[in-house]
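Okay, so here's the structure we're looking at.
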Amino acid sequence: MSFFNPENLEKAQILVGLYPDKRSALIPLCHLAQSQHGHLSNEAMVEIAELVGVQPAEVYGTASFYDMLHTEEVGKYLVGVCTNVACLLSGGQELLEHASDVLGIPPGATTEDGKFTLEEVECVAHCDKAPCAQVNYRYFGPLTNGDFDQLVDDLKSDRLSDSVPPHGVLSRVFRDAPPMVPLEIIHQERRVMDEAKKARLAAQNPDAGGKQ
Amino acid sequence: MSTKIVTARVDIPNSHTLSVYLEQGGYQSLRKALLEMTPEAVQEEVTVSGMLGRGGAGFETGRKWSMLKQDLVRYLVVNGDESEPSTFKDHLLVENDPHQLVEGTLITAYAIGASRAFIYLRGEFALGLERVQSAINEAYAYGAIGRNIFGSGFSVDVVLQPGAGAYICGEETALIESLEGKRGFPRIKPPYFPAVIGLYGAPTIVNNVETMSNVPWIVKNGGRAFAAMGKGRSTGTRLFALSGDVMRPGNYELEMTSKTFRELIYDPDFGGGLKEGRSVKAVIPGGVSAPWIGPDNLDLPLGQDEVAQAGSMLGSGSIIVLDDHSCAVRAAWRITKFFNRESCGQCTPCREGSGWIEKIMHRIELGSGTESDLDLVLDACDNIAPGLTWPPQQTTICVLGPSIPSSVVSAIKMFRDEFMVHIKEEGCPFVH
């Protein structure tokens, strides 16, 4: 039984092939798993471990370090309200409290219908639009309480489904490129480049021969 | 209006697409570098430009490249993990001019002879990831990436790597760990200077997005033209991310040292001033790791050394303004809360210290602090950065730890009275 569906398995194999060491694909594969399943399940971590050649516990150990990788279920819409300093100065803390009231859940919780998870987030680099919020990492701001209510309404009725895909779908653009140039070929090229550079430098400065 | 370099195209419709980039002269610098210049000539232009790294530490880019150990296998990593609170300049560049970033990355890969280039982008930048991946895809199709680029005989691949939400991964050795598929734990230096032992143990150059975005312009116009802008060590332009209590928060690209804090904050073309009747109480330059400066320093020019001489740093180029209606205690508490949350947990002074400082600051803000808390919190700060000097002493693997005390020490130094009001009146006197 495979966790990744055939389309994603193909993507997974492409991702693993992008690195000199396949463990580097671990985080991209976690994102891929979340795009398929909404969160990072045990089954996904087991398969990622196989794909990159580590133990499942190492996948969990890495994933648990990162805020965006969710080993527990989260809502379809992960709503993050920023309360860091630029947003704080513009009412971010009050916006978070309002969001909590409107959704009826404290930060960290998920609504009963599984539609929303609320988070208090650190600066999302949208400070010229403070106070701001992100929904599945799509940014909105500056937000009044009324704007926030409208946003929740739009999400509830799936009016924003084009711009805000379900949680887990991060980039909707996948790598579309020819196969990687084999590193042996690259290194042959570099050897020639480095030799030529050495020769040029030696010609320019005969006294410093061999120094570089 | 001064020359714009990195934001010259950001307002053009569809500036993120290859067709617009090519219309605007895109990829001409890469052609010039690959077909007309040697790698060392490209490096020389960057050295002559005097460009300081735009990530935060402000190290000369050309010098950094020259320190790269000349092993056969070496890598280029672009740091796009922009997470320093109130810094949103790279966010603009990756969304609105991703090809400029890709072109700068390719030119740099050529100059340093990188085996492969990785662009590590903050995971939360969903649109940025889409834009950069599209740009990479388009650049492959155009022949600007891959085998035998533009018939030059130079080949390189570029890989986009998404982060997954961890401030610490902006620290270059933590970023490398993350790129290797691990927790973002900073490495100890020495021996792990990336230019010597970096990605997969190979020599690696790590450069910021804005730094890379300047490279095509430098190759096109020459390092000397870049160095002619600004003053002293502050050459070229800088993208200042202005936020907080100003009328027009936003990104403003300015020639280095050409404007003062006051001009940036009050000029109607930039910050547009504060709300009616308010005045500047404090400015946090360079990100929340930087010590605050007061209204008496508003006439400082926006330059690397000028801000350093005033006891702070230009850092990431972000500038947060607090007006006289904003609470210094609350702002400092929130910054400490951020560090506590983002400490990677490897080093005791940072992991434990950030928690204790946050707790004490929070109780002062909420009105249950005591006068002795001020000494207590400073003592906790002193355990992280002994002597509370600037630049700070370091007791930890990376600079996150020593950055924690900056805001608390600044707030106590500048606004001790305000702390006393919180303590005596058992609450925050500000409306929020």
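Bear in mind these aren't lab numbers, they're just calculated from the coordinates by the rules spelled out. All of these numbers come straight from a predicted model, not from anything done at the bench. Please note: Cβ atoms are built from the backbone with ideal geometry, for glycine as well, and neighbour counts cover all protein chains shown.
Sequence-ordered 3J(HN,Hα) estimates for region B:172-184 from the Karplus curve with 6.51, -1.76 and 1.60 and θ = phi - 60° stand at 4, 6, 5, 4, 5, 4, 4, 5, 8, x, 10, 4, x Hz, glycine and proline given as x.
Computed about its Cα centre, the charge dipole of region A:6-65 is approximately 160 debye, with only Lys, Arg, Asp and Glu carrying charge at their Cβ. Largest mean-square fluctuation among B:Val219, B:Val73, B:Val94, in a Gaussian network model of chain B whose springs join Cα atoms under 10 Å apart, belongs to B:Val73.
So what's the net charge close to B:Ile423: Lys and Arg +1, Asp and Glu -1, counting the other residues with Cβ under 12 Å from its Cβ?
On the way: positive: B:Arg363, B:Arg416, B:Lys424; negative: B:Glu365, B:Glu371, B:Asp373, B:Asp417, B:Glu418, B:Glu425, B:Glu426.
Combined, the nearby Lys, Arg, Asp and Glu give -4.
The packing ranking of peptides B:231-239, A:117-125, highest mean first, is A:117-125, B:231-239, where packing means the average number of other beta carbon atoms within 10 angstrom of each residue.
A cut-off under 12 angstrom between Cβ atoms defines the neighbours of A:Lys22, and their net charge, with Lys, Arg +1 and Asp, Glu -1, is -2. Here the Karplus relation 6.51 cos²θ - 1.76 cosθ + 1.60, evaluated at θ = phi - 60°, turns the backbone of region B:386-391 into coupling constants of x, x, 6, 8, 10, x Hz, with x for every Gly and Pro. Peptide B:148-157 has a mean shielding of 3, counted as Cβ atoms of other protein chains within 10 Å of each residue's Cβ.
Potential lengthening of the chain between B:Ala41 and B:Ala57 amounts to 3.2 nm, from the contour at 0.36 nm per residue minus the alpha-carbon distance. Annotation: amide H-H contacts under 5 Å for B:Gln161 (H modelled 1.01 Å from N, sequence separation of 5 or more, or interchain): B:Ile119, B:Tyr120, B:Leu121.
When A:Ile48, B:Ile112 are arranged by Cβ crowding within 10 Å, least crowded first, meaning fewest neighbours, the order is B:Ile112, A:Ile48. Shown for B:Tyr192, B:Tyr21: other C-beta atoms within 10 Å of each C-beta, ranked fewest to most, produce the order B:Tyr192, B:Tyr21.
Suppose every Lys and Arg Cβ carries +1 and every Asp and Glu Cβ carries -1, with no other charges. What dipole size does the protein assembly as shown come out with about its Cα centre, to the nearest 20 debye?
On the way: 56 positive and 81 negative charges, 435 e Å.
Roughly 2100 debye, rounded to the nearest 20.
Would you work out the charge dipole size for region B:87-131 about its Cα centre, treating the Cβ of every Lys and Arg as +1 and the Cβ of every Asp and Glu as -1, and quote it to the nearest 20 debye? If you can, show how the numbers build up before the last one.
Working: 4 positive and 6 negative charges, 33 e Å.
Computed about the Cα centre, the dipole is about 160 debye.
For region B:300-381, the list of GluC sites (Glu not before Pro) that fall in a loop by DSSP and count at most 14 other C-beta atoms within 10 angstrom reads B:Glu371.
Counting DSSP beta bridges with both partners in chain B, what percentage is antiparallel, nearest 5? Can you show the working numbers first?
Details: 17 of 37 bridges.
Of those bridges, close to 45 percent are antiparallel.
Look at where the Cα atoms of region B:45-78 and of region A:89-122 average out, and the two centres are 43 Å apart.
Who wins for biggest fluctuation among A:Gln34, A:Gln134, A:Gln150 in a Gaussian network model of chain A, springs between alpha carbons below 10 Å? Result for chain A, Cα springs under 10 Å: A:Gln150 fluctuates most.
Once backbone amide H atoms are built at 1.01 Å from N, B:Glu124 has B:Gly165 as its partners under 5 Å, excluding neighbours fewer than 5 places away on the same chain. Along the axis of the charge dipole computed for region B:6-50 (Cβ charges of +1 for Lys and Arg, -1 for Asp and Glu, origin at the Cα centre), the listed residues B:Leu18, B:Val42, B:Ser29 are led at the positive end by B:Leu18. Inter-part distance, region B:181-202 to region B:265-324, computed on C-alpha centroids, equals 34 Å.
Farthest toward the positive end of the dipole of chain B, out of B:Trp217, B:Gln393, B:Leu106, is the Cα of B:Leu106, where the dipole comes from beta carbon charges about the Cα centre. Charged neighbours of B:Asp323, selected by a Cβ distance under 15 Å, balance to +2 (K, R count +1; D, E count -1). Each residue of region A:40-48 is assigned a 3J(HN,Hα), and the resulting list reads 9, 7, 4, 4, 5, 5, 4, 6, 4 Hz, derived from the Karplus form 6.51 cos²θ - 1.76 cosθ + 1.60 (θ = phi - 60°), x at Gly and Pro. Around the amide H of B:Asn208, modelled in the peptide plane, lie the amide H atoms of B:Arg54, B:Gly55, B:Asn79, all under 5 Å away and 5 or more residues distant in sequence or on another chain. Look at the dipole of region B:328-424 built from charges on Cβ: of B:Pro349, B:Ala331, B:Val409, the Cα furthest out on the positive end belongs to B:Ala331.
Here B:Trp217, B:Trp65, B:Trp390 are placed in order of increasing Cβ neighbour count within 10 Å, fewest first, which gives B:Trp390, B:Trp65, B:Trp217.
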